[in-house]
1. Can you tell which of A:71, A:52, A:64 is surrounded by 16 or more Cβ atoms within 10 Å (Cβ to Cβ), in contact (Cβ under 8 Å) with a residue 40 or more places away in the chain and of a type in the set (Phe, Trp, Tyr)?
2. Quick test for you: out of B:273, B:286, B:229, B:241, pick the one residue that is within 14 Å of another protein chain (Cβ to nearest Cβ) and under 30 Å from residue B:58 (Cβ atoms).
3. Report, by residue number, each residue of the range A:97-117 that is open to solvent by 20 Å² or more (accessible area, probe 1.4 Å) and either touching a residue at least 40 places away in the same chain (Cβ under 8 Å) or within 14 Å of another protein chain (Cβ to nearest Cβ) (or both).
4. May I ask you to verify whether residue B:198 is in contact with a His (Cβ under 9 Å, 6 or more places away or on another chain), over 20 Å from residue B:116 (Cβ atoms) and within 13 Å of chain A (Cβ to nearest Cβ)?
5. What about residue B:617, is it touching a residue at least 12 places away in the same chain (Cβ under 8 Å), surrounded by 21 or more Cβ atoms within 10 Å (Cβ to Cβ) and farther than 20 Å from residue B:318 by Cβ?
6. Of the residues A:68, A:93, which is within 14 Å of another protein chain (Cβ to nearest Cβ) and over 14 Å from the mean Cα position of the chain (by Cα)?
7. Please work out which residue is farthest from residue A:56 (Cα to Cα), limiting yourself to the range A:12-38 and to residues that are part of a strand (DSSP E or B) and open to solvent by 20 Å² or more (accessible area, probe 1.4 Å).
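The values are calculated or read from the model by the stated rules, or taken from the named source; none is laboratory data. Note that the structure is predicted; figures quoted are calculated from it, not measured. Note: ideal-geometry Cβ built from the backbone for every residue, glycine included; neighbour counts use all protein chains shown. To get the accessible areas, we keep the full protein, side chains included, count just its heavy atoms, and leave off ligands, DNA and RNA. Shrake-Rupley method; radii C 1.70, N 1.55, O 1.52, S 1.80 Å.
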Amino acid sequence: MDARLRRVNKEIADCKNDRTSQIRIELVGDSPFHLKGSFPGPEGTPYEGGDFDVDIVIPESYPFQPVKMKFLTKIYHPNVSSASGAICLDILKDAWSPVLTLKSTMISLQSLLCSPEPNDPQDAEVAKHYMTSKHSFEETARYWTEIYAGGPGSKIGKTLPAGARDDVAIAGLDAQHVSRFEGLGFAKNKVIDVLRRLNYRGPNASKINDERVVEELLKP
Amino acid sequence: MSSDYDYSDDDGDYYDEDMIDGTQDDYSDDDNMMDFGGDEDIKVPQKGKRKSYEVDYESLSQSAVEKLIAEDVEYIYSVCGVDESIASLLLRHSKWNKERLVEKYMDNPTSLLVAAGVTLPEPTSSPTQRSAPTSNNSSSRRTTRGASRLLTTFGGSGSKTKSPITSPTLTHYTPRSFKPKSSDPSDKFVCPICFDDAPSLRTLSLDCEHTFCSNCWAAYLASKIRDESEHAVKCMAEGCSLVCPDPFIRTVIGPSATSTEPGQEQENAKAWSHFQELLVRHYVASNKRLKFCPYPGCTNTVSCPSAADKSSLTTIVPTVSCGARGIGDQMTQSQSASGGSGGGGWGLAGKEHRFCFGCHVEADHRPVVCPVARMWLKKCRDDSETANWIKSNTKECSHCQSTIEKNGGCNHMTCKKCKHEFCWVCMGPWSEHGTAWYSCNRYDEKAGVDARDAQSRSRASLERYLHYYNRWANHEQSAKLSLDLYAKTEKKMEDMQITSSLTWIEVQFMKKAVEEVERCRMTLKWTYAMAYYLAKGNEKDLFEDNQRYALLLPSHSLIIHLRLHLRIPSDLEKAVEDLSELLEGPIEPENIPGLRQKVTDKTVYVQKRNEIVLEDTAKGFMEGRWKWNVVVEGFDEPEKVEY
């Protein structure tokens, strides 16, 4: 049997048999080389209570080349792109070793959620937010967990319609700040976009004067 | 490197009147070596003496470089007393800098061995003295073991010859004690990567004892070597920093390696040869005196010590050739490495592997030196289209010289920068227009003429650039079409052999001429780039000469300048165009002897002109005669000259 197939089959079986790690891997289609993994957000983090889905693609030269993984669930984390779910993790790139498995890689992802590395960010805006105010960052991350990953605070979970979501909170901004600039006659989503880009949060907000914000808002 | 050429004393003779009679006594030795008549093929004389525009270089095949590598390994082996495979790893780690390696090794061998991935970071101290291997045949060093016996035989003292360090002075390097992964010898080995547990499995490990099956090792090495071009492949275990030594790699994917996987043996062979090439490439890349031939599929290396130092690139243009011709499968090796005209076919397949040792901008950018050629190409890339657009679509404010595009509205312009108000039509100040708005009839008034003069002065630099650029680009375009010309000429040569009594060897004059035309076009092309950057001081000579000989000269032309400077009575450029025309023209069977004579003469003529241009510019660089109008890397700052 093809060594790659044998290995992947065994890895999938291992995950099925092992209930303690809480890592689940399932097939997406008929091919064992495109999988969907999921794991619960680690305890004591803003991701606690959420359930995170990961897209897994096994390349032709697996296990000698790393698996391709990205988050399917939107997640607010410095090392994960908030738009695409792309992950910045060394073992998925040059630090990959053929000894690593799908399970151990998923566990590494889980631990990445516990200890973000904002100095080597995938999403620079999120990383800035993390560096500026960890408290505010965690609030936003928790909110994302609630609305996207079915976190505990949210009764509605993943079924929440898009319109009912609080865009201001998703962007990790202060509602007061947004409404202040909205009051100057700018569209709400434009204000959110600009303030997010300027990292208008926590102590950083006082460093950015209103003129600068308005200037950005006036740009087409 | 110029010591063997005595150019310094004829510098003063350049302006001697007796040399302007066009006889060019200096170059008459070329004529003696040329055979104009008869049935001889025209050949560039291979003079024993190198010309001043040529550099000394040597072409090395892959195996020749491998020999150099072996010498270095041997050296480290003898100095540091480490096994060859370790010496190789150390050299690769130190980027083949032998002196630094030895220094570091003498300073702290352990840290160097660890950094190079030869030994594990913290060897557990277990000073079991083992007999040092006496043989250097290290290929047998990594033992392969049958899987069924794998875990049991580990305990045996003779099964591992781990440390290949042979020097008796290195007693501080101690082998690590072996820790079996399982104490139960009946435990079956399961490869942690492919989960194969077949009893026939061959297993391998480095000194770190991370054991995997040979198929996984082979697939891993092949993937690292072929997909990632990695020459220092680390152990497969996570976080393990041991590097696979060459004998290990040979055992796994070398010619004698066998595989149970279908198709793997072929993959192995490819990976093994790629690994050899990677080592050579790494060696060449680490050595400033060496450069890999950039032509696709070519594995030759050129050694050019005189161009190794970057500062030498201000005095020489190291155009070299690896000696091979053609691309890919059609490649042939020719013996003459230095610009010879022999060898193989021609056209694309016969194209000589010529390249510049000092830069990547272009294969042959003589006579201009690398930094200037690079600067010119960058400028062309950045500026040409923009400059053309600016020229045709904008004007400059007559007050502050800001470039302005008029994209609508009336002719009453207000400069956004300096608030100067002017008329777009006559460029004169708006205040003088009075009530004659929107229909300027003041085009000839003084203020308007003055303003336009100022504008044309500021446009002059743009014009100047475009002047050189267009001429440069013309030759570039012609050179690109040379492949067509090759094909056409080849056809003509065949026709000639049919319609006349000439033999194959006798029609080679056409081929020779085409090659010469291409070569001259290259030179001409780059003289325009050079002329653009030459400081006015150089051209002053030109203007003085101009007056002395009362010749009509277009300004800023290096070609003309060189001609005058060297008393070359005719123009290389014109001769090249004439020759091109002869080659492109129709061939009547009855005219062939005449044509042949004409083409042959013209070929020799342009060849000599070309050499003179190259010689003079090369000498100029060695003497530091050329000054630039811009800051050029490695040259003195230019004097302030108004352009």
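1. Sole residue among the options that is surrounded by 16 or more Cβ atoms within 10 Å (Cβ to Cβ), in contact (Cβ under 8 Å) with a residue 40 or more places away in the chain and of a type in the set (Phe, Trp, Tyr): A:52.
2. Values: B:273 fails: within 14 Å of another protein chain (Cβ to nearest Cβ); B:286 fails: within 14 Å of another protein chain (Cβ to nearest Cβ); B:241 fails: under 30 Å from residue B:58 (Cβ atoms).
Criteria check complete, one pass: B:229.
3. Filtering the range A:97-117 down to residues open to solvent by 20 Å² or more (accessible area, probe 1.4 Å) leaves A:99, A:101, A:103-104, A:107-108, A:110-111, A:114-117.
Across the range A:97-117, the qualifying residues are A:99, A:101, A:103, A:104, A:107, A:108, A:110, A:111, A:114.
4. Against the criterion (in contact with a His (Cβ under 9 Å, 6 or more places away or on another chain), over 20 Å from residue B:116 (Cβ atoms) and within 13 Å of chain A (Cβ to nearest Cβ)), residue B:198 does not qualify.
5. Against the criterion (touching a residue at least 12 places away in the same chain (Cβ under 8 Å), surrounded by 21 or more Cβ atoms within 10 Å (Cβ to Cβ) and farther than 20 Å from residue B:318 by Cβ), residue B:617 does not qualify.
6. From the options A:68, A:93, the qualifying one is A:93.
7. A:24
Yes/no per residue for (1) open to solvent by less than 40 Å² (accessible area, probe 1.4 Å); (2) of a type in the set (S, T, N, Q); (3) within 45 Å of the chain's Cα centre (by Cα):
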site	(1), (2), (3)
B:363	yes, no, yes
B:369	yes, no, yes
B:380	yes, no, yes
B:403	no, yes, yes
B:406	no, no, yes
B:430	yes, no, no
